[in-house]
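*Asks:* My questions will all concern the structure given below.
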Amino acid sequence: MNGELTVVLQQLIHGRMIAALGTLHQGAPFVSMVTYAVARDGSFILHVSRLAAHTRDMLDNPEVSLLITESEAA
């Protein structure tokens, strides 16, 4: 990845607090909104409830997707 693209990506990731989390729920895609932070090592920290369906889904299958996007108004 070139330097300019890296800067744009970092600005997007650090400039948002909410992302769409995609999990597999009973064999079907399940998407929900979650808050997140970025750790010093670049990994994502997700704020989820133990009671939420997406948390159970992640415990069953840790392969997930995370979508961070700029708002359409921007």
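*Asks:* Out of E63, E70, report the one residue that is of a type outside the set (G, A, S), touching a residue at least 40 places away in the same chain (Cβ under 8 Å) and not in a strand (DSSP E or B).
*Replies:* Details: E63 fails: touching a residue at least 40 places away in the same chain (Cβ under 8 Å).
It is E70.
*Asks:* Quick one: would you say H54 is at pLDDT below 95, touching a strand residue (DSSP E or B) at 6+ places or on another chain (Cβ under 9 Å) and more than 23 Å from G15 (Cα to Cα)? Spell out how you get there, then give the answer.
*Replies:* On the way: at pLDDT below 95: yes; touching a strand residue (DSSP E or B) at 6+ places or on another chain (Cβ under 9 Å): yes; more than 23 Å from G15 (Cα to Cα): yes.
Spelling it out, H54 is indeed at pLDDT below 95, touching a strand residue (DSSP E or B) at 6+ places or on another chain (Cβ under 9 Å) and more than 23 Å from G15 (Cα to Cα).
Residues checked against (1) touching a residue at least 40 places away in the same chain (Cβ under 8 Å); (2) not in a helix (DSSP H, G or I):
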position: L9; (1), (2): no, no
position: L21; (1), (2): yes, yes
position: V31; (1), (2): no, yes
position: R50; (1), (2): no, yes
position: T55; (1), (2): no, no
position: L59; (1), (2): no, no
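The values are calculated or read from the model by the stated rules, or taken from the named source; none is laboratory data. A quick note: this is a predicted structure, and the numbers were derived from the prediction, not measured. So basically every Cβ, Gly included, is an ideal-geometry build from the backbone, and we count neighbours across all protein chains shown.
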